[in-house]
Amino acid sequence: MQPAELVSRDGALDLVLEAAPAMLPWRGGERWALTYNGSAPGPTLRVRPGDRLRVTLRNGLESPTNLHVHGLHVSPAGASDNVFVMVDPGGEHVYEYLIPADHPSGTFWYHPHHHGTVAEQVAAGMAGIIVIEDPLDAGPPIAGTTERVMVLTDPRIGTSAEVVLGWSPMDMMRGRFGDGVLVNGTAQPVLDVATGTMERWRILNASASRYYPLRLDGFRWWQIASDGGRLTAPVDATGLVIAPGERAEVLVAVDRATTATITTTWQAATGMGGMDGMGGMGGRGSGAVETVLTVVASGPDAVVAAPSGSLNRVESLVDAVVDRSRTFRLAMGGMMMGGGDGMSFTINGASFDPQRIDVTASVGTVEEWTVTNASPMAHPFHLHVWPFQVIETSDRRTPPSGWKDVVDVPAGGWVRLRVAFADFAGRTVYHCHILDHEDRGMMGIIEVQ
Ligand code: C2O
Ligand code: CU
Ligand code: CU
């Protein structure tokens, strides 16, 4: 159930990613999907700090596409992580990413980013993981663990483009919720594991809209990394919620022979509950529980020590000198019941305009951003290229100790974060990672000079 893996050699990884529809195996039959190299998720790319990653993107779709490396701290300019590039059907583009030698290790991902087609393409299957590994991955408590990636998606299941891409305007307004959660393209997979081992899972929420509150019954687990790499120390993963675009790395102590499950719940706590009264969330009620994965452990009982000690040194921005403060107000307007047409999705009152630069910042400065949410729905806020730290939130969540690139902004709430624009000049975007909201305008352009 693991995606194919492509690994860098001698400081470089060179590959072709072909974006194209394909039929994938599904419960003895087939399902239609949009894929990279014929699979959904696409291949896992495994690289190291200092590597050069070169991707030739070929567009075998009927709509324009491009490629974004979500979470990588690389240049947004030229042939690097430039989301303003457009690759027409039949065309290709060669991306070259120079990964800095001091890039944090962690779980990142790639997906299309052509404004207007992002939600459709990602929801239909186009996403893959990028792992950056460094020497810390070979030390305790990670050495000796069994590593797996888990890409969570919830596509429409069907045998034709008409079914899989046939979303209504109402779906697009409140978010696309498909036919159940898949792990690496499989529904409710069963994972066989051995007692006496520690599992290490890199979990990515690649869904277009859905939040995943995750609950593991049967084993203890700890979160060791979030979006931008390791936390300073492991934390109990009880209550883990992964918003669209977010990642979490967890360790799972397999200490006895049992059958454990990961479940997820449709819940109001994510702020999505506000949409319930409208028959939202694909018709499922708040509180409905769905199995994500079953873990079957066999072997003699064994003691598996909890991970302890320091994982990482993260320079905290809490005491940093803030050079500039800004506010971003996320809002939805218009008729909610009108089928979605006429809805507006804005940041500071404006919809995305590719010709307008919304924010100009300076290399070498630290900014504090307060992101407010005036709408009845949660929005996961995302910034490209420059990771941030969450300082404070309206719902008093404990901010994670590591770097983030997506943060949930609860309905009617706010978050405060700090960004260090330490390097890389250029133009890129920040946006809501409910991808229909992004496609409909909840996105702005930042230029760093
Ligand atoms: Cu995951 Cu702007 O992207
Ligand atoms: Cu991104
Ligand atoms: Cu949103």
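All of the numbers you see were taken from the coordinates with simple rules; none came from a lab. Remember, it's a predicted structure, so these values are computed and weren't measured experimentally. Cβ sites come from the backbone with ideal geometry, for glycine too, and all protein chains shown count toward neighbours.
Show me the ranking of peptides 48-61, 244-257 by mean Cβ neighbours inside 10 Å, starting with the highest. Walk me through the numbers on the way to the answer.
Numbers: 48-61: 18.8, 244-257: 22.9.
My ranking of the peptides, most packed first, is 244-257, 48-61.
If the only charges are +1 at each Lys and Arg Cβ and -1 at each Asp and Glu Cβ, what is the size of the charge dipole of segment 146-298 around the Cα centre, to the nearest 20 debye? Walk me through the intermediate numbers first.
Numbers: 13 positive and 15 negative charges, 26 e Å.
About 120 debye.
Mind ranking 237-243, 391-397 by how tightly packed they are, going by the mean number of other C-beta atoms within 10 angstrom, highest first?
Numbers: 237-243: 18.6, 391-397: 14.4.
With the highest mean Cβ count within 10 Å placed first, the list reads 237-243, 391-397.
Per DSSP H run of at least 4 residues, take -39500 (n - 2.57); add these up for the chain, divide by its residues and hand me the 222 nm value, nearest 500 deg cm²/dmol.
Mean residue ellipticity, 222 nm, calculated: -1000 deg cm²/dmol.
For Ser394 and Asp319, FRET efficiency with R0 = 22 Å and r from the beta-carbon atoms, rounded to 0.05?
Details: r = 22 Å, r/R0 = 1.00.
Taking R0 as 22 Å, the efficiency between Asp319 and Ser394 is 0.50.
Quick one: which residues, 5 or more positions from Thr197 or on another chain, have an amide H under 5 Å from its amide H? H modelled 1.01 Å from N in the peptide plane, none for Pro or chain starts.
Under 5 Å from the amide H of Thr197 lie the amide H atoms of Val254, each far enough along the sequence or on another chain.
Going by Cα centres, segment 48-114 and segment 124-169 are how many Å apart?
Segment 48-114 and segment 124-169 have Cα centres spaced 17 Å from each other.
Please tell me the relative contact order of segment 324-448 in percent, rounded to the nearest whole number, where contacts are Cα pairs under 8 Å and at least six residues apart. Can you show the working numbers first?
Values: 304 pairs, mean separation 41.0, N = 125.
Relative contact order comes out at 33 percent.
Tell me the label-point distance for the pair Gln2, Gln449, using the 7 Å Cα-to-Cβ offset, in nm and rounded to one decimal.
That separation, rounded to one decimal, is 4.8 nm.
Once you have the Cα-Cα distance between Thr365 and Arg220, take 0.36 nm times their residue separation minus that, and quote the gain in nm to one decimal. Kindly include the intermediate steps, with their values, before the conclusion.
On the way: separation 145, 0.36 × 145 = 52.20 nm, distance 4.07 nm.
Working it through step by step, the gained length comes to 48.1 nm.
Evaluate the distance, in nm, between pseudo-label points positioned 7 Å from the Cα of Thr56 and of Asp236 along their respective Cα→Cβ axes.
For the pair Thr56/Asp236, the computed spacing is 5.3 nm.
Given H placed 1.01 Å from N in the peptide plane, which residues other than close sequence neighbours of Arg46 have an amide H under 5 Å from its amide H?
Leu6, Val7, Ser8, Val131
On full extension of the chain, what length is gained from Val190 through Thr294, given 0.36 nm per residue of separation minus the C-alpha to C-alpha distance?
Working: separation 104, 0.36 × 104 = 37.44 nm, distance 0.48 nm.
Answer, rounded to one decimal: 37.0 nm.
With θ taken as phi - 60° and the coefficients 6.51, -1.76 and 1.60, list the Karplus ³J(HN,Hα) couplings across segment 5-11 in order, rounded to whole Hz; mark glycine and proline as x.
Per-residue couplings from phi come out as 10, 10, 10, 5, 10, 6, x Hz.
Which of the GluC sites (Glu not before Pro) across segment 1-100 are loop residues per DSSP, with 15 or fewer other Cβ within 10 Å?
Numbers: sites: Glu5, Glu18, Glu30, Glu62, Glu92, Glu96; in loops: Glu62.
When the GluC sites (Glu not before Pro) of segment 1-100 are filtered for loop state and at most 15 Cβ neighbours within 10 Å, Glu62 remain.
Under the 0.36 nm per residue contour assumption, what length would be gained going from the current alpha-carbon distance of Asp179 and Asp10 to full extension? Display every interim value, and only then the final one.
Values: separation 169, 0.36 × 169 = 60.84 nm, distance 4.22 nm.
Full-extension gain reported as 56.6 nm.
For a protection proxy built on the mean count of beta-carbon atoms within 10 angstrom, sort 19-25, 347-353, 416-422, 228-234 highest first, please. Don't skip to the end; give the middle numbers.
Details: 19-25: 16.9, 347-353: 15.1, 416-422: 18.9, 228-234: 21.0.
Ranked by mean Cβ neighbours within 10 Å, highest first: 228-234, 416-422, 19-25, 347-353.
Amide H of Thr261 versus every other amide H placed in the peptide plane: which residues, excluding those fewer than 5 positions away on the same chain, fall under 5 Å?
Here the answer is Asp217, Val295, since their amide H atoms fall under 5 Å of that of Thr261.
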